[in-house]
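A quick write-up on the structure given underneath.
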Amino acid sequence: MVYRWLRGKRSTGTSGGHEAAHLIDIRQAVKRYESAAGSFTALNGVNLQIDPGDFVAVIGRSGSGKSTLLNIVAGIDRPTSGEVIVGDTAVHLLPERHIAPWRGRTIGVIFQFFQLLPTLTAIENVMLPMDFCHMFTPGERRGRGMRLLEQVDLAEHAHKLPTALSGGQQQRVAIARALANDPPILLADEPTGNLDSRTAEAVFRLFTELVDTGKTIVMVTHDADLADEVGRAVILGDGEVVDDAVNHRPPPVGGG
Amino acid sequence: MIRPRWRKVLRDLWSNKTRTFLVVLSISVGIFAVGTIADTRVMLSRDLSADYAGIRPSSAILFTAPFDDGLVRSLRQMDGVREAEARFTVVLPLKTGPDEWRNLRLEAIDDYDDIRLDKVRPEMGPWPPSVREVLVERASLQLTDANVGDMLTIKLPDGRERALRVAGLTHDLNKVPASFSGTPYGYITFDTLEWLGYPRAFNVLHVLADGDATDEQHVRSVLEQVQRKVEQQGATVRWMWVPEPDTFAADDVLRPMIIVLGVLAFLSLFLGGFLVINTVSALLMQQVRQIGMMKSIGARNGQIMRLYLGMVLVFGLLALFIAIPISSLVAYGVTRYLAGLINFDFAGFRIPLQVLALEIAVGLLVPLAAALYPIASGVRVTVRRALDFYGISGEQFGHSFVDRLLQRIRGRLPRPLLLSLRNTFRRKARLVLTLATLALGGAVFIAVFSVRASLIDTLRQFTAHVNYDVSVNFDGAYGAQLIERKAMYVPGVVAAESWGTSNARRVRPDGSEGSSFELTAPPAGTNMLQPMMVEGHWLGPDDKQAIVLDTDVLKNEPDIRVGDEIVLKTERQETTWRVAGIAQTTLSATFIRIGTGYVNFADLAHAIRSPEPNGRLRIETTQHDAAFQSSVATALQDRYESSGIRTTSITTTSATREAIRYQFNILTVFLSIVATLLGIVGALSLMGTMSMNVHERAREVGVMRAIGASDGTVLKTVVVEGVCIGVLSWPVGALLALPISEVLTTTVGDEFTGAPLTYIFSLSGALFWLVFVVILSALASFLPAWGATRLSVREVLSYE
């Protein structure tokens, strides 16, 4: 219902102030990098609105600005100009000290190379964001971590160190970690880029299941076939949105 | 034109300024410590030797009963005697306040323009002083509470007061520095001496033996002949001081002090090398791909090795630039301070060439030696392996026993803390070197505390076995009963004991005579002295003709054993004594230790054939603080004066203890400075390690921040890791401190106090080091931790 209501709202095209008209609202975002080699524009006036429950694939060539787009949404980077509104938060204005805890609660980040902390076991990696952001009571964290690992079919590997897990397993742990604080948004940067096709398929299936539960996923990918399978594909080229196609995908289960 | 490969070296140095700074600083501390100690030693020994040779030191000084000029003339004619000179010396109370008196040692010199031995040199004012004038030794002026031109009030043995004008200053290198003895020295003419009421006679004889001054046997035989001749002329030799040839008395203390400090300084340099090993290993690990690339385009192992050794050489050179000027300045300051303390003329600032050479050698060689192994093994990597190298190897967690142990710690600990704890053990070789640096630094730190505690306890024992508060020396024998009775009238006096004193020399079985030592004769069964016995037993009332020797006497007569019968020559009488025991030597405020033998009062009286041997009164007071002891001393002085009893000196035990404490403090301050330097090297090493860890784990920090870790969390994670290393180093350091403390305490005891100290392992020092190392570790890891919070998440995650 909420999903439909928000989609309906998007169709009105209004978004006054920082109200949550869209879950993610990027307005005229420009990101320019200055270096000794000169100025490089990674994003050039990008406008993009994403609503709750969207599964968006961002595709484009290398250097097209895909990762920069994810970074400004996650508050990892700030736009040179323009606005980035996530929920009711103006991320581009968020003071530096507030960004990390906000990100921890609002956004789950999934990386291409999994980026699990090598000295922590799978379950400990999953519990880490809860510790950082003081989510759930300390007593609840382990149980929640185990449930998340069960969700990604890795409960039996909970006490293994990352080095004892395969790439696919590590990525699933990374997804469980991204879900730890129950964030509404998951940002995934080439999540299947380092996996074989079967494992990539499994991870993708997990993403679709998460979208079906109401999560919003923005996924950067090179894989055009994968992009076809998500609800919406945003194509970036030279820092600009060159195409924003809504794919006809079955509505989420229970989505009415 | 710099070749590209050397450009790479310079840019590598410049690109990580923090790393370069830490390594350079760490090496600098070592060079600084070594340079300062070496520089101080060279300047000290040169200036001191030159200054000391300039006074024409005598072979021996004999303190005798009064004699006349004829003896001096005949000694000068004697075979084996190159020179002889006589003076008269007396100790008199000097008024330093309304009711305050201090001993002043006055020395009468016959001809100021013809001082032949142990020369006293003019420093300021007339030369010689006029009648009723005194020249004060420059280093002791402040003890007189007067300035040049002021009047000094002295009290004569008969109670009359006389005023002497301070006409100027002298420099007498041969006296125990006033800062140690607490006694000011004054120089007068014989006319002034006569005006004070003393006869025109001598009681001190300075003798220089002919021939090789370092030939101890020859010098001894000459001195024995001199002694015989003096005594044949009727002047009893009370004691004879034979200094080590060509060596300034204070050098006995300075030399071992410099050696101990030097060893610690080299240790700090050595530990600085550990950071070089860690840094170079980390650098090579980071540059494995670069090494592979260089090899793929034709570089040979030797060329790459030279490249990295060149980098280490630059570390050393930079460290030398920092350390040489600072160490020279500090050495100058230290030498100046020591010059003032032991009263010699310091020739001024200079950088001795051999010290410069030493600094350059150690500054370049130690880092190179440290880096050689990591570089040699690092550049051996094959091109294929180097180019295939992905990420950082050797850091895989989970394989070792420790890792598995740490993996079991789960559940109760929060994940950030778990992360810090496990991160601590990720780079084990680096951890070991860092721990070793911190642990050795800590061990020395605790050892210095132990030395301090041992010194304090030895001082406490000194107080414990010396149960008297005031000592009075008399100018002649007045009868024990009389002086004791007079003392008991003084308010605050609980007990008074008259002790006999004399001097003795051992007559060895081969007929030769040993050095003079003091004979102290308390009444049998005294409670005022309880020496610490090393062997045998203390004198009991039933011990007849028994003697207890202290360890200083044993140093000169090492063949003596408990139970032996020895022959002593006292006041021309030879008597046989049974050695009942060996006692620990008591602490002394001066460098000069002549040794003491303890006998019962009655036995001494019998030995010197005098029912009332020259005495020293020991007094116990109702209160034992310095002020009370001092007030009783003044009251005693007045009491004896009014009774016509002449005293030569009155000293309080508190004053002696304070003088000893002052010397101990100097020693512990120097040791503490070097220990602190070691602590700094440890902290720099930890800081370097943490910087490397953060640098290598930048991506992990990025991930942590990406999943919600705040600046504070990142900071805490890194600082806790540093503190973990610090805390881990503590038990190792405390364990290492056990043997180091014992060795250092024994060395300090043997070399500085002439006797082993009561060894105490300082638990408070160990606890203090724990607190200190936690703070130090937190501070040392704060900078790298802060650096970690500054890492941009985007940058650290972008280079996949």
Answer from B:361, B:319, B:323, B:339 - the residue that is over 24 Å from residue B:429 (Cα atoms) and either in contact with a strand residue (DSSP E or B) (Cβ under 7 Å, 6 or more places away or on another chain) or without any contact (Cβ under 8 Å) to a residue 24 or more places away in the chain (or both): B:361
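Here is a check on your reading of the model: is residue B:284 out of contact with any Ser or Thr (no Cβ under 6 Å at 6 or more places or on another chain) and in a helix (DSSP H, G or I)?
The answer is yes for residue B:284.
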Of residues in the range B:8-55 being hydroxyl-bearing (Ser, Thr, Tyr) and within 24 Å of residue B:433 (Cβ to Cβ), the one surrounded by the fewest Cβ atoms within 10 Å (Cβ to Cβ): B:15
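Going through A:91, A:84 one at a time, which residue ends up being away from every other protein chain (no Cβ under 13 Å), within 18 Å of the chain's Cα centre (by Cα) and in contact (Cβ under 8 Å) with a residue 40 or more places away in the chain? Reasoning before the result, please.
Numbers: A:91 fails: in contact (Cβ under 8 Å) with a residue 40 or more places away in the chain.
Unique residue meeting the criteria: A:84.
Given A:71, A:47, which one is in contact with a strand residue (DSSP E or B) (Cβ under 9 Å, 6 or more places away or on another chain) and crowded, with 17+ Cβ neighbours inside 10 Å? Show your work before the answer.
Details: A:47 fails: crowded, with 17+ Cβ neighbours inside 10 Å.
Step by step, each of A:71, A:47 is checked, and only A:71 is in contact with a strand residue (DSSP E or B) (Cβ under 9 Å, 6 or more places away or on another chain) and crowded, with 17+ Cβ neighbours inside 10 Å.
Give the residue, chosen from B:387, B:455, B:433, B:459, that is part of a helix (DSSP H, G or I), modelled with pLDDT under 70 and more than 12 Å from every other protein chain (Cβ to nearest Cβ).
Numbers: B:455 fails: modelled with pLDDT under 70; B:433 fails: modelled with pLDDT under 70; B:459 fails: modelled with pLDDT under 70.
It is B:387.
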Unmet criterion (only one of (1) in contact with a strand residue (DSSP E or B) (Cβ under 9 Å, 6 or more places away or on another chain); (2) more than 30 Å from residue A:187 (Cα to Cα)) for residue B:749: (1)
Consider only pairs whose beta carbons are under 6 Å apart and that are at least six residues apart or on different chains; among these, list those whose first residue lies in the range B:83-110 and is more than 12 Å from residue B:205 (Cβ to Cβ) and among the basic types (Lys, Arg) and whose second residue is buried (at least 23 other Cβ atoms within 10 Å of the Cβ) and modelled with pLDDT of 90 or more. B:105/B:185
Check residue A:121 against each of (1) facing chain B (nearest Cβ under 9 Å); (2) farther than 18 Å from residue A:188 by Cβ; (3) touching a residue at least 60 places away in the same chain (Cβ under 8 Å); (4) polar (S, T, N, Q) and name the one condition it does not meet. (3)
All helices (runs of 4 or more DSSP H) inside the range A:94-199 with 1 or more residues being at pLDDT below 85 and surrounded by 19 or more Cβ atoms within 10 Å (Cβ to Cβ): A:96-106, A:122-133
The range B:325-379 - residue that is surrounded by fewer than 20 Cβ atoms within 10 Å (Cβ to Cβ), among the aromatic types (Phe, Trp, Tyr) and within 27 Å of residue B:123 (Cβ to Cβ) and, of those, modelled with the highest pLDDT: B:332
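Table: residues versus (1) at pLDDT 85 or above; (2) more than 23 Å from residue B:533 (Cα to Cα); (3) in a strand (DSSP E or B); (4) not small (Gly, Ala, Ser).
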residue	(1), (2), (3), (4)
B:558	yes, no, no, yes
B:589	no, no, no, no
B:593	no, no, no, yes
B:617	yes, yes, yes, yes
B:620	yes, no, yes, yes
B:628	yes, yes, no, yes
Give the number of residues within the range B:210-254 that are in contact with an Asp or Glu (Cβ under 8 Å, 6 or more places away or on another chain), closer than 30 Å to residue B:441 by Cα and not aliphatic (A, V, I, L, M). 1
Mind telling me which of the residues B:68, B:39 ends up being of a type in the set (Asp, Glu) and under 30 Å from residue B:201 (Cβ atoms)? B:68
Could you go through the range B:568-587 and let me know if any residue there is touching a strand residue (DSSP E or B) at 6+ places or on another chain (Cβ under 9 Å), at pLDDT 90 or above and within 16 Å of residue B:239 (Cβ to Cβ). yes
Filter the helices (runs of 4 or more DSSP H) completely within the range B:691-800 down to those with at least 2 residues that are more than 14 Å from chain A (Cβ to nearest Cβ) and surrounded by fewer than 18 Cβ atoms within 10 Å (Cβ to Cβ). B:711-748, B:763-790
Positions within the range A:154-207 being within 19 Å of the chain's Cα centre (by Cα) and facing chain B (nearest Cβ under 10 Å), in sequence order: A:174, A:177, A:178, A:180, A:181, A:183, A:187, A:189, A:190, A:193, A:194
For the structure I just gave you, tell me whether residue A:230 is surrounded by 20 or more Cβ atoms within 10 Å (Cβ to Cβ) and modelled with pLDDT of 80 or more. yes
Go through (1) at the interface with chain B (Cβ under 7 Å from one of its Cβ atoms); (2) more than 21 Å from residue A:218 (Cβ to Cβ) one by one and return the number of the condition residue A:103 breaks. (2)
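Return yes when residue B:421 is within 14 Å of chain A (Cβ to nearest Cβ) and modelled with pLDDT of 85 or more and no when it is not. Let's see the steps before the verdict.
Values: within 14 Å of chain A (Cβ to nearest Cβ): yes; modelled with pLDDT of 85 or more: no.
When the stated conditions are applied, residue B:421 does not pass them.
Quick one: in the range B:229-270, which of the residues that are hydrophobic (A, V, I, L, M, F, W, C) and part of a loop (DSSP other than H, G, I, E, B) is farthest from residue B:367 (Cα to Cα)? Walk me through how you get there before you give the answer.
Taking the range B:229-270 as the starting set, the residues that turn out to be hydrophobic (A, V, I, L, M, F, W, C) are B:230, B:235, B:237, B:239-242, B:248-250, B:253-254, B:257-261, B:263-267, B:269-270.
This time we only want the ones that are part of a loop (DSSP other than H, G, I, E, B), so: B:235, B:242, B:248-250.
On the way: B:235: 65, B:242: 47, B:248: 38, B:249: 39, B:250: 36 Å.
Ranking the qualifying residues of the range B:229-270, first place goes to B:235.
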With the structure loaded, tell me whether residue B:132 is surrounded by fewer than 19 Cβ atoms within 10 Å (Cβ to Cβ), among the basic types (Lys, Arg) and more than 22 Å from residue B:640 (Cβ to Cβ) or whether it fails that test. yes
Quick count over the range A:20-69, residues being outside any loop (DSSP other than H, G, I, E, B) and small (Gly, Ala, Ser), is 9
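Quick check on residue B:228: is it of a type in the set (Lys, Arg) and without any contact (Cβ under 8 Å) to a residue 24 or more places away in the chain? Don't jump to the end; show me each part of the working.
Values: of a type in the set (Lys, Arg): yes; without any contact (Cβ under 8 Å) to a residue 24 or more places away in the chain: yes.
Yes, satisfied.
The values are calculated or read from the model by the stated rules, or taken from the named source; none is laboratory data. If you're wondering where the values come from, they're calculated on a predicted model, not measured in any experiment. Backbone-built Cβ (ideal geometry, glycine too); neighbour counts: all protein chains shown.
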